[in-house]
1. Quick one: in the range 311-334, of everything that is touching a residue at least 40 places away in the same chain (Cβ under 8 Å), within 25 Å of the chain's Cα centre (by Cα) and not in a loop (DSSP other than H, G, I, E, B), which residue is nearest to residue 355 (Cα to Cα)?
2. Let me spell it out: the conditions are (1) in the same structural domain as residue 167 (by TED's automatic domain parsing); (2) away from ligand 1 (no atom under 16 Å from the Cβ); (3) more than 21 Å from residue 203 (Cβ to Cβ); (4) not in a loop (DSSP other than H, G, I, E, B), and residue 264 meets all of them except one. Which number is the exception?
3. Under 9 Å between Cβ atoms, which residue pairs at least 6 apart in sequence (or on different chains) link something in the range 122-136 that is within 22 Å of residue 73 (Cβ to Cβ) with a partner that is away from ligand 2 (no atom under 14 Å from the Cβ) and part of a helix (DSSP H, G or I)?
4. Answer yes or no: is there a residue in the range 272-292 that is over 25 Å from the mean Cα position of the chain (by Cα) and modelled with pLDDT of 95 or more.
5. Here are some conditions: (1) assigned to a loop (DSSP other than H, G, I, E, B); (2) within 16 Å of ligand 2 (Cβ to nearest atom); (3) at pLDDT below 95. Residue 233 meets all but one. Which one does it not meet?
6. Is there a residue in the range 206-214 that is in a helix (DSSP H, G or I), more than 15 Å from residue 91 (Cα to Cα) and away from ligand 2 (no atom under 16 Å from the Cβ)?
7. Give the residue, chosen from 67, 101, that is surrounded by fewer than 18 Cβ atoms within 10 Å (Cβ to Cβ), within 16 Å of ligand 1 (Cβ to nearest atom) and farther than 26 Å from residue 179 by Cβ.
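The values are calculated or read from the model by the stated rules, or taken from the named source; none is laboratory data. The shown structure was predicted, so the numbers you read here are calculated from the model rather than taken from an experiment. Methodologically, a virtual Cβ is constructed for each residue, glycine included, from the backbone with ideal geometry; neighbour enumeration extends over all protein chains shown.
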Ligand SMILES: Nc1nc2c(c(=O)[nH]1)N[C@H]1C(S)=C(S)[C@@H](COP(=O)(O)O)O[C@H]1N2
Ligand SMILES: [Mo]
């Protein structure tokens, strides 16, 4: 195995538990066990510096919407060259198995009905660092996820305007970003026609009421609510309607999981792997933070929970390593593809170290497991979330 100096450096820092960007100013209120002040939150935690892959510190998840500048960032090659996505040059081309190919400017697109949906966007590799045995790839911990309001137009409306031919089965999505080395495959993805025609699948040009930021796909990205973020193509330029799934590495090899549970590191036949699509039920503890000291007074434990195409039914907490569970209160906005905030008023009865665990159950009866099934790429981690803290006197 060869390790570049850069990644070795990053690996060593990560091994020491040091993120590349460290916020030294932990708010005093947080240490005292009060709700954290959002304005005091630190920057993103970089996992890879080039291209920039960075996760959101989980203390940010005490708010319903994740602010744009605190939303996790992930891409394979970094943003495209500026001239490719400038207002003068950027176009959305729609072709393939259509009656009439389209070439649209952003203003043309804005002629379609404007739609806003709040949705969780989560990297398939979020939580990869927790799989055992360890798997290669960006060692995301808990923050490669966020919840934002996405505004744009329905992909369905654009496809309807182009007119679908009867052989249409998949919709290929291509962004303007390019690998540094031309021999590296493009990030070409496709989604089945059914998902493409779903009225909630969007081509978004705004994020939380602001023009889409460059790092999040300006001027236009795909949002597939309920599905993992690998389908949420950023810097979108080409929509190609096809009879088959997209060819190439990022659809046919990457972003696949075994259909049935497999033993770690056992060989697998290619046919038993299917594309990652819907998210799985998951919850996170946003407060108190890992390593925090809390007083003996009541503490409002806070967090978020979400699922893929189902809604959150319950969130439970355990303070005794999963022997007993207590139900948290679901609070705040309740929207189909958004996460749900939860709270639990905890009155610690003993001092010393305590591990807080949480698990969610969705409306389809899926329960967040203690640990997720191992898979070769470390996707879809949704094991119980855990935070170790100390109760002081
Ligand atoms: N064009 C393009 N779109 C992309 C990617 C990419 O490399 N290129 N990465 C995908 C992956 S793997 C993730 S997790 C999300 C991250 O979206 P965000 O940076 O807005 O959080 O973008 C997706 N869209
Ligand atoms: Mo991802």
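1. Applying the first criterion (touching a residue at least 40 places away in the same chain (Cβ under 8 Å)) to the range 311-334 yields 311-318, 322, 332-333.
Checking the rest, the ones that are also within 25 Å of the chain's Cα centre (by Cα) come to 311-317, 332-333.
From the residues that got through so far, the ones that are not in a loop (DSSP other than H, G, I, E, B) too are 312-317.
Details: 312: 23, 313: 23, 314: 20, 315: 16, 316: 14, 317: 10 Å.
Within the range 311-334, the match that is nearest to residue 355 (Cα to Cα) is 317.
2. Only one criterion in (1) in the same structural domain as residue 167 (by TED's automatic domain parsing); (2) away from ligand 1 (no atom under 16 Å from the Cβ); (3) more than 21 Å from residue 203 (Cβ to Cβ); (4) not in a loop (DSSP other than H, G, I, E, B) is unmet by residue 264, namely (4).
3. That search, which allows pairs on different chains as well, returns 129/14.
4. yes
5. Of the numbered conditions (1) assigned to a loop (DSSP other than H, G, I, E, B); (2) within 16 Å of ligand 2 (Cβ to nearest atom); (3) at pLDDT below 95, the odd one out for residue 233 is (3).
6. yes
7. Only one candidate qualifies: 67.
Here's the yes/no breakdown for (1) within 11 Å of ligand 1 (Cβ to nearest atom); (2) within 21 Å of residue 117 (Cβ to Cβ); (3) crowded, with 22+ Cβ neighbours inside 10 Å:
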| position | (1), (2), (3) |
| --- | --- |
| 46 | no, no, no |
| 49 | no, no, no |
| 55 | yes, no, yes |
| 59 | no, no, yes |
| 62 | no, no, no |
| 81 | no, no, no |
